[in-house]
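Comments concern the structure below.
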Amino acid sequence: MKQREAFLALDFGTSNVHVTLIDSATTEAIAGTSKKYGWYTPKPNEIELHAEEIWDASEHAVARLLKCLPQGVHIIGLTFSFFGDNITAVDQEGNALYPMLPGFCGRSGEEVRQMEREIGAGEYAKITGNTLSTLSSVSKILWLKKNRPEVFERAAGFYSNQQYILHRLGFPGVQDVTMAARKLAFDVKGCRWSEPLLELMGIPAEKLGTNILESAATVGSIRSYGRVKLPYEIPVTIGCHDVSASLLSTGVQLEHSDTMGVLMGTYEQLGYFSDTFVEGCNDFEDSLIFSCCYNAPFKGKYTVMDAFPTAGALLEWYCKKILKDEKADIGKLIEAAKLDGENPLLFLPYVENFHGAVLGMGLGTTTEEIFESLLESLAFQFVACIDYIRSTREEPFSKIHFGGGGSRSEKLLKLRADLIGAPVGRMENLELPSIGACMLAGIGNGIFQDAEDAAAKMVKGVEYFYPQEANRKKYEDKYRRYKDISAVYLRG
């Protein structure tokens, strides 16, 4: 029997790690497993994760997958994708001194205002390519400095989740350029830590990490994943930010691509690769939509992205707080939703800053109508992102390709097609970050010549969904109302 060669890909999301064994020739998922980890909310506007818990989850998932490793499969590389915008203070040995502070934790609002006074939102955007908000790890480090001075003083480094995981594997301090950029203290045009931001935080560059590699770099080989013994020595490719990996696996090309890629998960994120830095941000005011332009996995390229962070979190909120059923089947709820443009409610999903709202409620309003309006609001946020991305370049996009867990629902994809009045495609393999990470591993290990060769081998079929004209007109009117009302509401 011919031996199958496969990559072992770990995709670290905001709530679980997916470990998938992917055939390098067919991109088929030979085996896969996942393990959840928790969000912790010590205060209403504070969200934390635990780096050690994330590591333990990945160790557990790798062990479980290897127990069912099929005969005749040879693992040719271990690779990663990571959610971005997070920081963990660590000591000299790389041990966490404090919980991980993710971008979607809103505790550092006062520090953002300090950054606006001392750096300026415009200057910050020019440095980092990102809208100034609590996503910034700079604001989290300033928060630690002010509110947990003992942690700040003891910290030998401020690790991203990528640095923490690779440290546990025996590669201390290394990070790729995309995850360095997602700390949002990086001068993305100069490809180095920003001196003004380092001075503001009062830390040297070494605490953010100076061993910054290209995303396809193979950093070494391992015989065990923590306590989990591997069947043989496996090379490790550093990998990259999950959005950049996803763009690669949706068929977004490095040169003049006509394809826009979309990753639907806890965040809904979309974008493309650019030869030039794109300045500016969307004009949806304080809508929790954020725009960014940061270093892509390939030298001299940028990832241009727009996103909104509350997509998956709002669905979980609805199950926990409205239905009072944490185990409710979200997929079934979505399939039961009408989504025909007739719902009288408007849901304003701006919950991270405590100004979410439901408009148009009456005594006859049902939980089903609230859920449908929630789904519509997420689609409206998507359209605002599409509008911005289209505005960033003169060349039009002819294709929009989706993947990620949220894209399993045809109904959600059809809703987005109705809203933008154009077809949307769903990738055959929805594990976009893992496939993109495998493409990088193939390049780094000499299996693929370059990104174009990797795409030819690993980007597979697409299924398209088309807009329904009757729904398109109704949603066009409703989206206009949504945007007008949101603008007034957010200003007030």
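The values are calculated or read from the model by the stated rules, or taken from the named source; none is laboratory data. Keep in mind it's a predicted model, so treat the numbers as computed, not measured. Counting neighbours? That spans all protein chains shown, and the Cβs are built from the backbone with ideal geometry, glycine included. To get the accessible areas, we keep the full protein, side chains included, count just its heavy atoms, and leave off ligands, DNA and RNA. Shrake-Rupley method; radii C 1.70, N 1.55, O 1.52, S 1.80 Å.
How big is the gap, in Å, between the Cα center of the range 455-482 and the Cα center of the range 12-51?
One Cα centre to the other: 27 Å.
Could you order HIS60, HIS256, HIS18, HIS401 so the one with the most accessible surface comes first? Probe is 1.4 Å.
HIS256, HIS60, HIS18, HIS401
Expressed as a whole percent, how much of the Cα-Cα distance distribution for the range 224-265 exceeds 17 Å?
Looking at the range 224-265, the distances longer than 17 Å represent 52 percent of pairs.
Based on alpha-carbon atoms only, what is the radius of gyration of the chain relative to the globular estimate 2.2 N^0.38 Å?
After normalising by residue count via 2.2 N^0.38 Å, the value is 0.94.
Determine the sum of side-chain charges near PRO396: Lys and Arg each +1, Asp and Glu each -1, restricted to other residues whose C-beta is under 12 angstrom from that of PRO396.
0
In the chain, which whole DSSP H runs stretch at least 27 Å along their own axis (Cα) and average 0.5 or higher on the Kyte-Doolittle scale?
367-391
Going by Cα centres, the range 220-239 and the range 371-437 are how many Å apart?
35 Å
Between ARG393 and GLN449, 0.36 nm times their residue separation minus their Cα-Cα distance comes to what?
In short, 17.3 nm is gained.
List the pair-distance distribution P(r) of the range 243-365, using every Cα-Cα distance, as the percent of pairs falling in each 5 Å bin from 0 up to the bin containing the longest distance, rounded to whole percents.
Histogram of Cα-Cα distances, whole percents per bin: 2, 9, 14, 17, 17, 13, 11, 9, 5, 2, 0, 0.
Rounded to whole Hz and in sequence order, give me ³J(HN,Hα) for the range 91-108 from the Karplus expression 6.51 cos²θ - 1.76 cosθ + 1.60, θ = phi - 60°, writing x for Gly and Pro.
Working through the residues one at a time gives 8, 4, 8, x, 7, 5, 9, 7, x, 5, 9, x, x, 7, 7, x, 5, 9 Hz.
Just check the range 10-102 against the gyration tensor rule for me: Cα atoms, a ≥ b ≥ c as the square roots of the eigenvalues, rounded for a/c under 1.5, and otherwise prolate or oblate depending on whether a/b exceeds b/c.
prolate
Return the inverse of the average 1/r over all pairs of distinct C-alpha atoms in the range 299-351, which is the Kirkwood hydrodynamic radius, in Å to one decimal.
The Cα-based Kirkwood calculation yields 13.9 Å.
Compare the Cα positions of ALA57, TYR164, GLY341 along the charge dipole of the chain (+1 at Cβ of Lys, Arg; -1 at Cβ of Asp, Glu; about the Cα centre) and return the one farthest towards the positive end.
Toward the positive end, the furthest listed residue is ALA57.
When a/c is below 1.5 the answer is rounded, else prolate if a/b is larger than b/c, else oblate, so apply that to the range 110-203 with a ≥ b ≥ c taken from the square roots of the Cα gyration tensor eigenvalues.
Cα axes put the range 110-203 in the oblate bin.
If you add up the charges near HIS60, with Lys and Arg at +1 and Asp and Glu at -1, over every other residue whose beta carbon is less than 13 angstrom from its beta carbon, what do you get?
Spelling it out: positives minus negatives among the neighbours equals +1.
Convex hull over the alpha-carbon atoms of the range 435-492: what's its volume per residue in Å³?
146 Å³
Count charges around GLY442 for me, please; just the other residues with Cβ under 13 Å from its Cβ, Lys/Arg as +1, Asp/Glu as -1.
-4
Cα convex hull of the range 338-448: how many Å³ per residue?
Measuring per residue, one finds 160 Å³ for the Cα hull of the range 338-448.
Please report, in whole Å, how far the alpha carbons of the range 1-58 spread along each principal axis, starting with the longest.
For the range 1-58, the Cα extents along the three principal axes come out at 56, 17, 12 Å.
Return the carbon/sulfur percentage of the accessible area of the range 142-217, one whole number, probe 1.4 Å, all protein chains in place.
Carbon and sulfur: 49 percent of the exposed surface of the range 142-217.
Starting from the coordinates of the alpha-carbon atoms of the range 188-250, obtain the Kirkwood hydrodynamic radius over all distinct pairs and give the value in Å to one decimal.
14.9 Å
Would you mind pulling out the separation of the Cα centroids of the range 330-370 and the range 166-211, in Å?
41 Å
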